[in-house]
């Protein structure tokens, strides 16, 4: 009986110790906005005040969106919102001709060009309420750009400890409209929009 009580106490003590260590490990992990170097900024959302970055088709990682990673222990998680791009026309929307379906594919790669993750965003546009936000910087009287983000997919990818920098590049965009389909794969063409990038990691 005494041995059984001791065993129970040891098990309880061990369980509490593991739970305490787990809390310490969780406390050591922090999530912060990622340092993103955007070669082509779409603009800032007028409602959200969020910066939106165009993702271009590239094979040269130096020309992609670069993410600078902080010093850290172990694997980390890079997350960001991926949107489709829509060129909004009030006239087309009023005439029932605005429908479009977008499927954009992007890749996360090392600066040496090794792909370590991929992401896609699929969305449909029918009316203005399908836009995530409007973007400032347009030349018209409204001051809004015609191109705006639509749809959203939260992409999360595991990043190895030994990397200091990553690149995000576009790969392709499939567009289906009322009058036909298009496939975009040309180098330098924007195929998606990125926003709200964060990195979850354990600091050194």
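The values are calculated or read from the model by the stated rules, or taken from the named source; none is laboratory data. As the structure is a computational prediction, the values presented were derived from the model and not from experiment. Neighbour counts are summed over all protein chains in view; Cβ atoms, including those assigned to glycine, are modelled from backbone coordinates with ideal geometry.
A few points about this structure:
To keep it simple, each residue is scored yes or no on (1) within 17 Å of the chain's Cα centre (by Cα); (2) buried (at least 21 other Cβ atoms within 10 Å of the Cβ); (3) at pLDDT 95 or above.
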| residue | (1), (2), (3) |
| --- | --- |
| 37 | yes, no, yes |
| 51 | yes, no, yes |
| 62 | no, no, yes |
| 79 | yes, no, yes |
| 89 | no, no, no |
| 95 | no, no, no |
| 103 | yes, no, yes |
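- The residues of the range 145-163 that are under 16 Å from the mean Cα position of the chain (by Cα) and more than 14 Å from residue 130 (Cβ to Cβ), listed by number, are 153, 154, 155, 156, 157, 158, 159.
- Residue selection: residue 93 satisfies the criterion of being in a helix (DSSP H, G or I) and touching a residue at least 12 places away in the same chain (Cβ under 8 Å).
- Which listed residue, of 135, 159, 121, 169, is modelled with pLDDT of 95 or more, within 11 Å of residue 85 (Cα to Cα) and either surrounded by 14 or more Cβ atoms within 10 Å (Cβ to Cβ) or in contact with a helix residue (DSSP H, G or I) (Cβ under 8 Å, 6 or more places away or on another chain) (or both): 121
- Matching residues, the range 125-150, being in contact with a strand residue (DSSP E or B) (Cβ under 6 Å, 6 or more places away or on another chain) and not in a loop (DSSP other than H, G, I, E, B): 125, 130, 131, 135, 136, 147, 148, 149, 150
- Looking at 98, 109, just one residue is assigned to a loop (DSSP other than H, G, I, E, B) and in contact with a helix residue (DSSP H, G or I) (Cβ under 6 Å, 6 or more places away or on another chain), and that residue is 98.
- Residues being over 21 Å from the mean Cα position of the chain (by Cα) and assigned to a loop (DSSP other than H, G, I, E, B) - total across the range 165-204: 4
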